[in-house]
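One structure is given here, and the rest of the page talks about it.
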Amino acid sequence: MTTLMDSKSAGFKFSAKLGVTRALLRAFGLFGDPFTHLLQGKEDPYPLYAKVRQRGPIHRSHLGSWVTGSHELGSKILRDRTLFLNREAGGVPGHEMMDDIPWNSSILGLDPPDHTRLRRLAQPAFGPKMISKYRIQVEKLCHGLLDEAAGRDGFDLIEDFAGPLPLLVIGELLGVPEQYHERFVKAGRKVGPVIDGVKSLKMAREFRAAVDDLDQVFSELIELRAKDPGDDLISRLTTAHGDGKLTTEELLAFCTVLAVTGFETTTNLIGNAVLAMTGDRAQWNLLKDDPDLAPRAVEETLRYDSPALQAQRVPHQDIALAGHHIRANSSVVVLIGAANRDPEVYDEPDRFDLTREDPAEHLSFSGGIHYCIGAPLARMEGETALRVLVERLPELCVSGRVQRRSSPVISGCTRLPVSGTAR
Ligand code: HEM
């Protein structure tokens, strides 16, 4: 298949499109439109989120998208069954530059009834029984990674701990055997960052190569599991595929999407939690004194510094939202990060506070039928990682320059140097 990234002229078109998009974002940003400003990527988007909220529950950005930073309205939009992921014609809005990757045929790009079928098949892999089974594995993986990293003077929390962990866990979940680990992890690390969007032709090419490699790995595994099924997700989906329930394209796309969605987000959950709590020692000390607070630390991190910053929906008919007329096929964007700090819902929303009493549920895992299927796994990984970190490195602190992502869709660090005497 000739792909966007393969041919020279397509490569040129891709670069031109990227250039035009950047120029448009810069121009509209200059006109004071907070959403287009946000799309350029900010290390700290929260001042812009406040500006979005000042414009009312929902407003139309210069780029034509409808944007909300309201918790109440955002929550309603994400749960609204008359709003979809796909335009009636065309794919996920904002993903046009990634038309060439298997995104739209994955669970993340599907609407019912296809979405319902895929979701039902995958759901049991994230149920309570499986999660408690994975917990023991995750704890072992955390200790193994720390054994290696904590022996040194200092280490990078992302590179050496929070980065590898979720990928190894997804490997377990999918049943990737040992002999494929190196290829899987290498390709997974190239695929993960694309959740930010494709930013250059080089990135697009590397991503394409990594997706091809993952496809190869998964194709071999599907063949293997069809003959000899195990207790893993690929076996379950392959058997369903054999019954004609899942196309090969859907199956491969689903496996790839797990590597994208489950990897970067969970890495950033752990990194953002450590960054927030070591930046406010009293919070870290609360966790140190009582590691059972780890689940609360995870929830407050998800609210305060959500790894996922936005979700989009599309009405297929004209609708009314907060008194505005929204045309069919418009893009409606929920700024999750803004909703999670809505002062109408949270006291002192800009303060990380793991003693918050019964806070309203954050929108970090979205809502409605697309509510993150991996939420129980992410929560368990986050809790386990924080517990192991605080117990083994109680004096953990940031020991060098932190590098944050500046992405409109994902919040996290690319570098987080830490040190602390290991127990
Ligand atoms: C802190 C970690 C995570 C965050 C913040 C997160 C966030 C999200 C969000 C916001 C959505 C919904 C997007 C929308 O409404 O359009 C979503 C969906 C999804 N997530 Fe996660 N996620 C996390 C971890 C994981 C993990 C660990 C996995 C799997 C291994 C995973 C797999 C998925 C899948 C497959 C979907 C699509 C669900 C559907 O459309 O039905 N996520 N996630």
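At a glance:
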quantity	calculated
Condition check for A209: open to solvent by 10 Å² or more (accessible area, probe 1.4 Å), among the hydrophobic types (A, V, I, L, M, F, W, C), in a helix (DSSP H, G or I) and more than 16 Å from the ligand (Cβ to nearest atom)	yes
Qualifying residue in the range 366-380 (condition: part of a loop (DSSP other than H, G, I, E, B), within 13 Å of the ligand (Cβ to nearest atom) and over 28 Å from G171 (Cβ atoms))	yes
Flag if A338 is within 16 Å of the ligand (Cβ to nearest atom) and either closer than 18 Å to E300 by Cβ or open to solvent by 40 Å² or more (accessible area, probe 1.4 Å) (or both)	yes
Residues (assigned to a helix (DSSP H, G or I) and surrounded by 16 or more Cβ atoms within 10 Å (Cβ to Cβ)) located in the range 47-73	L48, Y49, A50, K51, V52, R53, H71, L73
Filtered residue count, the range 282-310, keeping only those that are surrounded by fewer than 21 Cβ atoms within 10 Å (Cβ to Cβ), of a type in the set (A, V, I, L, M) and touching a residue at least 60 places away in the same chain (Cβ under 8 Å)	2
Elements of type helices (runs of 4 or more DSSP H) in the range 261-363, at least 2 residues being within 27 Å of H62 (Cα to Cα) and touching a Pro at 6+ places or on another chain (Cβ under 9 Å)	336-339
Residues satisfying the stated conditions in the range 56-79, i.e. touching a strand residue (DSSP E or B) at 6+ places or on another chain (Cβ under 8 Å) and at pLDDT below 95	S61, S65
Checklist (1) within 16 Å of the ligand (Cβ to nearest atom); (2) in contact with a helix residue (DSSP H, G or I) (Cβ under 8 Å, 6 or more places away or on another chain) applied to W284, failing item	(1)
Of all residues in the range 241-265 being crowded, with 16+ Cβ neighbours inside 10 Å and small (G, A, S), the one that is farthest from the ligand (Cβ to nearest atom)	A253
Some residue of the range 399-413 being more than 27 Å from A311 (Cβ to Cβ), touching a strand residue (DSSP E or B) at 6+ places or on another chain (Cβ under 6 Å), outside any strand (DSSP E or B) and not aromatic (F, W, Y)	yes
Residues of the range 212-233 satisfying the condition of being under 24 Å from the mean Cα position of the chain (by Cα), closer than 18 Å to E182 by Cβ and surrounded by 15 or more Cβ atoms within 10 Å (Cβ to Cβ)	D213, L214, D215, V217, F218
Given (1) part of a loop (DSSP other than H, G, I, E, B); (2) open to solvent by 30 Å² or more (accessible area, probe 1.4 Å); (3) within 16 Å of A259 (Cα to Cα), index of the condition V185 fails	(1)
Any chance A320 is of a type in the set (A, V, I, L, M) and either within 16 Å of the ligand (Cβ to nearest atom) or in contact with a Ser or Thr (Cβ under 8 Å, 6 or more places away or on another chain) (or both)	no
Test result for N268, within 10 Å of the ligand (Cβ to nearest atom), touching a Lys or Arg at 6+ places or on another chain (Cβ under 9 Å) and open to solvent by less than 10 Å² (accessible area, probe 1.4 Å)	yes
Verdict on E148 being open to solvent by 20 Å² or more (accessible area, probe 1.4 Å), touching a strand residue (DSSP E or B) at 6+ places or on another chain (Cβ under 9 Å) and assigned to a helix (DSSP H, G or I)	yes
Yes/no for S331 being under 26 Å from G64 (Cα atoms), surrounded by 20 or more Cβ atoms within 10 Å (Cβ to Cβ) and out of contact with any Leu (no Cβ under 6 Å at 6 or more places or on another chain)	no
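Each row is one residue, and each column tells you yes or no for (1) surrounded by 21 or more Cβ atoms within 10 Å (Cβ to Cβ); (2) among the aromatic types (F, W, Y).
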| residue | (1), (2) |
| --- | --- |
| D358 | no, no |
| F365 | yes, yes |
| G368 | no, no |
| Y371 | no, yes |
| A385 | yes, no |
| R392 | no, no |
| E395 | no, no |
| V398 | no, no |
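The values are calculated or read from the model by the stated rules, or taken from the named source; none is laboratory data. Model, not experiment: these values are computed from the prediction. Quick reminder, even Gly has a Cβ in these numbers, built from the backbone with ideal geometry, and neighbours come from all protein chains shown. Heavy atoms of the whole protein, side chains included, go into the accessibility calculation; ligands, DNA and RNA do not. Shrake-Rupley method; radii C 1.70, N 1.55, O 1.52, S 1.80 Å.
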